[in-house]
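Below you'll find the structure, written out as structure tokens, and then a few comments.
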Amino acid sequence: MLCLRYLLALFTLFPVWSYSVSEAQYLQDVAYAKDGSVEGIIEINKDRLTVKPAGGEPASLARDKVYLAVKSDGSFISFNNPAPRWIENTTHEVHKLITTQALVYAADHVDILGDKVGFQEYYSGRYVSLPREQFVMIIYKTGMHELLTDPQQAARYLANLRTLDHFSRPETERKVKLSDEEQQYFSKRALRKTEALSFYLKVISDKDADVLYQDNAIQEALKLFVDKDKLVEVSSLHREQNITYKIEEYLNNLRMLPYQKIELLWNQIQYINQIKQGPDGNYYGTITVEQVFRAYDKDNKVTYEDFTVKAIEIIIKPFNMIVDGDSIPKWDVFLSNIGVKQTEQL
Amino acid sequence: MSRIFCTGLFLLFAGNLIGQIIPFDEEVFAYRVKQIDEFMERFNDTDETLIKKYIKERYQADITREELIINLFDLSRRDWKQEVVIRFLEDVVQASPPPYLSFYDADWYALLVCEGLYHGKRVTFDLTLGVNYEEETQAASWMVKGFYADFLDMPGEAPTGVALNPSSHGTDFIELIHIFASPEKFMADSPPVSQPAALSYLMKEVAQKNFQFKHVIHITYHFLQLTNWIMKVEEFSKRDTNAGWLISELLPAGQHDKEKYCLEVLHLTP
């Protein structure tokens, strides 16, 4: 039960495969025709296209009245092509962003932010933000798709695409400063990791938790940090001086706290400064957050509580991810030193 | 909305009347100047700074640069000289072009009062850090620029290439613990020095286990890049709306005064 809770929390905290879901995404096959779109199972005959909706009457459309058809797995056919053929979507490891230039970008994460499409490029891990008008269609990992232009234009652009298996790399100028979108993206990632850390801290300090489960939580918590040498400052209302521990030592000490369980509450509003590039090529920032810490005894009574303002350093750096035996460089946010700015009674 | 900031102006000369606030008060969090970066954002009247967004969302109001700067003063100090503050505001707000602060400026410094154990005895020393910015790569780091330790009988020149990441100030330079634990890892190629330098000597004492860094006791930031002014900024840790990194001193200063300040306060050798 505990394990299930743990997995659920992990999923909630790290929705790695998350993407924006809008009303324009389809779970079924879709035929985009001159008279509108029709959903169902698509079959193509010589001159006509039949769409069988679940539980409904099949619709028969003349091929020359249809711009484009997209299957529920992301495969599509453009009738703007003089010799139309299905472009199969055979791989589902990445989201595919198809451009007006008939290029396919592979992405881990996609956000449509107004007139911009932001995505984490799969191969470099860099967060890229490009004008929405440069894109025709997104095929998500699930096979669902989303058109970013009208179907007639989409069919025209998609007619030039020969395969969904060849990925291009977006050409962006070499930037050493993060764009506002990148800053936002990495800030969000950093906050998620902070939330994940507080989840692990609860597990580690929970006297009812299994030791192996706590060990696992320590290992997972350590993975959030850039390295084990990073420092955590610890304050208490009972002493004037803060104490600084290396992260691993801090996590292990948590188990020894004389509390039955702890509770960590975070203020919903945080501040993150402008992320800056260091001489080593990595990017650095600091998040300021407010936290309430409560410790309970066996009778579920609060035995200690305080309010702290914390400063959490973050590092955005490349790391190598092994995919199918290949090492792929990616960028991600890691937690670094954690300082205490202020500690007060509640 | 302006009323809130007019109240700030009143408090600047009348003292702070704001009391205790309950935990997780969003307003208190929004108003607190949480990092020195945020101090600069507000001074520069940056559109994206949190307080402007907060006030816009909460009160559907805009605030002026003047109002923002007034609230960057420590309002609990009662002896601000009105004519000096007003002249400063005029110099900043009415100048054309108006002056702005940048993290990448050369003429601002963090002055750290640190504590250590030297031959088993508790000692304090000053470290002055400044931002090094490489135009070509746009990379920045905090570097030690000045050093003063009265327990060492040698000049305070700081020739070492000790560098900290550009966001180290967010955690009050906690990383210094690592630097003093193994300085060789953090020292770039040091330029040759003509005389014994105290910080280099201290680093050697670390290796000999004669010196142990304990912690940073206090930090002040000193902005010297504004024409005719020196601003001293320090952190006020209290839970009210005038808190965080605030101007604690404002000095009218010409070039000569600034050179003297660098030498005497910041331990920077010309």
Taking the range B:81-91 and keeping only residues that are surrounded by fewer than 18 Cβ atoms within 10 Å (Cβ to Cβ) and in contact (Cβ under 8 Å) with a residue 12 or more places away in the chain, one is left with B:Gln82, B:Val84, B:Arg87, B:Leu89, B:Asp91
Only unsatisfied item for A:Asn267, checking (1) crowded, with 18+ Cβ neighbours inside 10 Å; (2) modelled with pLDDT under 85; (3) more than 9 Å from chain B (Cβ to nearest Cβ), is (3)
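Per-residue answers, yes or no, for (1) among the hydrophobic types (A, V, I, L, M, F, W, C); (2) farther than 30 Å from A:Ser235 by Cα; (3) touching a strand residue (DSSP E or B) at 6+ places or on another chain (Cβ under 6 Å):
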position	(1), (2), (3)
B:Ile230	yes, yes, yes
B:Leu246	yes, no, yes
B:Asp257	no, yes, no
B:Val265	yes, yes, no
Of the residues in the range A:66-86, those that are of a type in the set (Val, Ile, Thr) and surrounded by fewer than 21 Cβ atoms within 10 Å (Cβ to Cβ) come to none
Look at A:Thr308 and say whether it is in a strand (DSSP E or B), within 13 Å of another protein chain (Cβ to nearest Cβ), touching a Gly at 6+ places or on another chain (Cβ under 7 Å) and of a type in the set (S, T, N, Q). no
Is there a residue being at pLDDT below 80 and part of a loop (DSSP other than H, G, I, E, B) anywhere in the range B:207-230? no
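Show me the strands (runs of 3 or more DSSP E) entirely contained within the range A:71-135 in which 2 or more residues are under 27 Å from A:Val333 (Cα atoms).
Qualifying strands (runs of 3 or more DSSP E): A:95-99, A:104-113, A:116-121, A:127-131.
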Taking the range B:89-105 and keeping only residues that are in contact with a helix residue (DSSP H, G or I) (Cβ under 8 Å, 6 or more places away or on another chain) and over 28 Å from B:Leu129 (Cα atoms), one is left with B:Val93
Condition set surrounded by 14 or more Cβ atoms within 10 Å (Cβ to Cβ) and more than 13 Å from B:Leu250 (Cβ to Cβ), scope the range B:62-80, selection farthest from the chain's Cα centre (by Cα): answer is B:Ile63
Okay, strands (runs of 3 or more DSSP E) sitting entirely in the range B:89-183 with 1 or more residues that are within 14 Å of chain A (Cβ to nearest Cβ) and closer than 19 Å to B:Phe211 by Cα, I get B:108-118, B:121-134, B:161-164
Per the filter on the range A:193-250, residues among the acidic types (Asp, Glu), within 25 Å of the chain's Cα centre (by Cα) and modelled with pLDDT under 90 are A:Glu195
Pairing a residue in the range B:199-217 that is in contact (Cβ under 8 Å) with a residue 60 or more places away in the chain and within 14 Å of chain A (Cβ to nearest Cβ) with any residue that is among the small types (Gly, Ala, Ser) and assigned to a strand (DSSP E or B), where Cβ atoms lie under 9 Å and the two sit 6 or more apart in sequence or on different chains, gives B:Gln212/B:Gly116; B:Phe213/B:Gly116; B:Lys214/B:Gly116; B:His215/B:Gly116
Of the candidates A:Thr50, A:Thr99, A:Thr90, the one satisfying the condition of being under 30 Å from the mean Cα position of the chain (by Cα), of a type in the set (S, T, N, Q) and surrounded by fewer than 18 Cβ atoms within 10 Å (Cβ to Cβ) is A:Thr90
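Looking for something among the aromatic types (Phe, Trp, Tyr) and within 26 Å of B:Gly244 (Cβ to Cβ) - is there at least one such residue anywhere in the range A:252-271?
Within the range A:252-271, one or more residues are among the aromatic types (Phe, Trp, Tyr) and within 26 Å of B:Gly244 (Cβ to Cβ).
The values are calculated or read from the model by the stated rules, or taken from the named source; none is laboratory data. Since we're looking at a predicted model, the values are computed, not measured. Neighbour counts run over all protein chains shown; Cβ positions are idealised from the backbone, glycine included.
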